[in-house]
Amino acid sequence: MKLLIVEDEIRTGDYLAQGLGEAGFATELQRDGRDGLHAALTGDHDLIILDVMLPGLDGWQILSTLRQAGRDVPVLFLTARDQVGDRVKGLELGADDYLVKPFAFAELLARVRTLLRRGNSSKDNETLLTAADLEMDLIRRRVSRAGQRIDLTAKEFLLLELLLRRQGEVLPRSLIASQVWDMNFDSDTNVIEVAVRRLRTKVDDPFEPRLIRTVRGMGYVLEAPEN
Ligand code: CA
């Protein structure tokens, strides 16, 4: 799941991007209101965390433009101003939730998960991805196989999420690089190979059948064998 963070305070923005990244989300950070609006209109985010006071355009303007454009992506407002009037204004403009600064990260994470759950139940039901006895709960950020919990790093989680969402498709390394690492790798790098190997030792080695296959010269595919 991909989150857009629009926050001009350097420390708060970095803190959010880092914390949410560690919690397993893909994050995009914008520090200017105009860049934030552009990213929100052109990107495919599952949730937007929006500061109110921003250079360029403020959070109110971004939110109202988004809603006028018919974008119903959930928006969590961050505001230092906790006056009742601001809350009412935000809700009228279509904000989904509020958090008043300063906030505890755990509180933010809980709100984010609640909003994602709500957004998903109304859009698609892809909060649980499965293949054979492997299960990935996107809301609770949990993976299990045959009922056993599997701990994954944030990158491993993203990699497995991609493989599960597109199961049965052979995914080229270049696509995995751009989707999971958000960058292009030289073709001779073995970063992806190493990550896939690590993922397999957790997800496949202790279990039957094997789900992740290497397709030589092409890439990787996750597939549950038919019976
Ligand atoms: Ca600000």
> Say we look at segment 16-73 and pick out the residues that are of a type in the set (S, T, Y) and under 21 Å from the mean Cα position of the chain (by Cα); which of these is nearest to the ligand (Cβ to nearest atom)?
Replying inline: T27
> Looking at this structure, is D186 modelled with pLDDT under 85, loosely packed, with under 15 Cβ neighbours inside 10 Å and not hydrophobic (A, V, I, L, M, F, W, C)?
Replying inline: yes
> in a loop (DSSP other than H, G, I, E, B), outside the structural domain of E22 (by TED's automatic domain parsing), modelled with pLDDT of 85 or more and surrounded by 17 or more Cβ atoms within 10 Å (Cβ to Cβ): does that describe L199?
Replying inline: no
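The values are calculated or read from the model by the stated rules, or taken from the named source; none is laboratory data. Computed from a predicted structure; not experimentally measured. Every residue, glycine as well, gets a Cβ built from its backbone with ideal geometry; the counts of neighbours run over all protein chains shown.
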